[in-house]
Structures are given as structure tokens and as C-alpha cells.
């Protein structure tokens, strides 16, 4: 997705058969801390206010069950599709996938970006029933920044 | 470094090292074996020591690696370990008579609330991922610096900070939910129950208020309460304290229960 600034503001592009949301933010923390936070399923609930729970393990090919504040009554059954240790994590289901990317940008900072694309031939039929991801994305990025920077500044 | 220098340094570090390994493994036998094996390994590799760290840090590195090998195949405990073990103790007709006998015959058989708090943290910290438990103990109990812990665990400063932050957050959350000493709604009253059995003439409220952590509980600074809890561990040598034999017997009991409990879960 082009024109995405690292300002922690979500950007959504709607098309007939798909919808994409992305966010990017610079975080004053080592990439390894962000990676550890993003891959410890059991700990999400503690720092991420958009996640109600994640069961399972975030490993290549692993299965997870995610409950999100976006739709608290629903359990998203997802699989981890790609893991490039320290750099990239992709999970999703048949409807779409979410991509997390980490890049060192110097001065002890890491750029975190998150991108989700959902869609398919029948997407127009239920598009209106899927809530906007914008607020949830912004909260996720903000929580991650707050937690990672707290860890760096703790000692 | 000569073998004499190593021996001297090792003997200085031995009490802390043994207590550290006990708190990681919860096994007296493993603690003794790992400490002994650490000395043998250090002596064999003495020529590789390059003064990039202190001798104490190097010894703790060797022992930590041996402890990690020892624990690799073992499951982590659960945060409700004390509930599980309490049920088993109540169902075991020999358990309390054994403890009473220790109390009546041992020079290290006194029941002290502070020692039980240390015991309790030892058990519950085994529910943390091993790296987090090790980091928390090294930093908060054995007072190693972050840089030294990076050497002991062969990891980055960032990861040590992550492990420390996470372990503290989890311990705060668990004790805030469980410990009736710091939260009136806490579900665990084991200290007062055991104190009632072993020290029936004591007034628990009076004894409780001698403990800084319990006294300051109402002020609600959870980070500080955890620091005070960890301070209790710092001040207690689990092998030579007033109630060491009693608490070690209790710890061995819990370890055996938890090893079987993990086994049962797997079946």
C-alpha cells in the first residue's frame, strides 16, 4: 500500500472485491523486543487491548484461535502462514491475511507495519457487515509502541 | 586463573549458586549435582576463561547452562501450583505428620511466614518461561547487572529487558490475584493456614504486619510490593534458614506432585 506514513494512523482502501487496511509507526525499541511481543500468544492479552485472547502458538504453520474486541463473540481460527524470524509474520484464513513487518530504521528505532487484506468473489455480499479495522489497528500499534518502549526504558 | 583462584572464587559463590539452582530446579539433589558439575566443568575449561566477565558470572553461566539442560525436557509448572499441591497434601495421610516431625526435631524446622513467601514465589516463578524466571532471579534476587545477564544467557540486552519486564508483569498479576497478604480478595491463604498449624499461639495479623510487603499492601504500589517480595528471597538462604528443612521438604513434595501432574496432563 503506497502513501502510508509512519504516524500510527490507519489507512483503508476499499474496492469492490476487497478491502485493505494498513498502519505504520516508528517505535523506539529494538526489533527483537517487538518480535518477542508479537510472537508470544499467551502474553497478548496483557499488553494489547484489542485482543481478548489468543490460544495456540505462533510458530510457522501453527494454528491460533483469536478473539478480538472487533467482534468479541467470534473466534477467528487462523494459521501462521509465514514467519521470517525478527522481520515478518503472516497469519490468516481463507478470507484474508494479516502481515506484520519489522524494519530497523536506525537510532535504536524500529518501524512496525501491519497490513490486512480481506476479500474474494463473494466479498461484496458481506462487506457491509465487517466493521472498520481503522480504530483497532491504531490501538494495536499504539499498545505495541507503549509496551515496547516501556520495556526499553524499564532499567 | 589458577585452580586455587577458581576454587576460592567458587567457594565464595557456592551458597548463592546453590540457592539459585534450587530455585530454578526445585530439586535439592539436582541443585547439589549441578553445583558440583559446574565446578568440575569450570576446572576443565579453566584455560578458556578470558576475563571478559567476572569469575562469578562465568560460574553462573556454566551452572545456568547445566540447569537449562536439566530442565529442557520438563514441563513448566502452573501458576496455581500451590492449590494443586495443597489438595494432594490434604489427601496424603503422611504429609503433615512428616512436617510436624521436622518441626519438632530439626534445628531448621521453624515455620516462618517470610520463608513461606519465598517458597511460594519459588514455586510460582516456575510457571514463567525458563528464560524469564532465570532473568528475574539473576537480576532481582542475585543482583546481577543486565550486561552480566546477557553474558550468562548469551542473549541481547534487549531480550534481557524483555524477559525481565514480562516476568515482573506476570508475577505482579499472579500475586495480585492470588495472595491474600496483599489483596483481601486473594484466593490463597496458605501462609495463615500453615502458620495456624505450626505456630498456633501466634496472632497471624500481628506476625503479618511484621512483613513490610503485607504492611504496605493497602498503598497499592504493585511494583514496589513485588520488589519487597523479591527482597524476602534475597534475604533468605533456602539451605540454612531457620525453617530450611521444613520448606525444603515442602518444595520436594511440590516438585514430585508437579512432575506427576504434568505427566497426567500428557496422558
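The values are calculated or read from the model by the stated rules, or taken from the named source; none is laboratory data. Values in this document were obtained by computation on a predicted structure and should not be read as measured data. Methodologically, a virtual Cβ is constructed for each residue, glycine included, from the backbone with ideal geometry; neighbour enumeration extends over all protein chains shown.
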Original post:
If you go through segment B:168-181, how many residues are surrounded by 19 or more Cβ atoms within 10 Å (Cβ to Cβ) and away from chain A (no Cβ under 14 Å)?
Top reply: 4
Original post:
Scanning for something within 14 Å of another protein chain (Cβ to nearest Cβ) and in contact with a helix residue (DSSP H, G or I) (Cβ under 9 Å, 6 or more places away or on another chain), does segment A:5-21 turn up at least one residue?
Top reply: no
Original post:
Looking at this structure, is residue B:132 more than 27 Å from residue B:210 (Cα to Cα), more than 14 Å from chain A (Cβ to nearest Cβ), assigned to a helix (DSSP H, G or I) and out of contact with any strand residue (DSSP E or B) (no Cβ under 8 Å at 6 or more places or on another chain)?
Top reply: no
Original post:
In this structure, is residue A:120 more than 14 Å from residue A:39 (Cα to Cα), touching a strand residue (DSSP E or B) at 6+ places or on another chain (Cβ under 8 Å) and surrounded by 17 or more Cβ atoms within 10 Å (Cβ to Cβ)?
Top reply: no
Original post:
Is at least one residue of segment B:159-167 more than 12 Å from chain A (Cβ to nearest Cβ), at pLDDT 95 or above and closer than 27 Å to residue A:86 by Cα?
Top reply: no
Subject >> Residue identified as within 28 Å of residue B:127 (Cβ to Cβ) and more than 15 Å from the chain's Cα centre (by Cα) among A:7, A:43, A:30 >> reply: A:30
Original post:
For residue B:184, which of the numbered conditions (1) at pLDDT below 90; (2) surrounded by 18 or more Cβ atoms within 10 Å (Cβ to Cβ) fails to hold?
Top reply: (2)
**OP:** Assess whether residue B:84 counts as being surrounded by 20 or more Cβ atoms within 10 Å (Cβ to Cβ) and in a helix (DSSP H, G or I).
**Re:** no
Subject >> Conditions (1) over 20 Å from the mean Cα position of the chain (by Cα); (2) more than 9 Å from chain A (Cβ to nearest Cβ); (3) within 25 Å of residue B:224 (Cβ to Cβ): number failed by residue B:154 >> reply: (3)
Original post:
Do any strands (runs of 3 or more DSSP E) lying entirely in segment A:58-155 carry at least 2 residues that are away from every other protein chain (no Cβ under 14 Å) and more than 28 Å from residue B:165 (Cβ to Cβ), and which ones are they?
Top reply: A:76-84, A:96-106, A:109-119
Original post:
Is it fair to say residue A:25 is under 15 Å from the mean Cα position of the chain (by Cα) and either closer than 25 Å to residue A:135 by Cβ or outside any loop (DSSP other than H, G, I, E, B) (or both)?
Top reply: yes
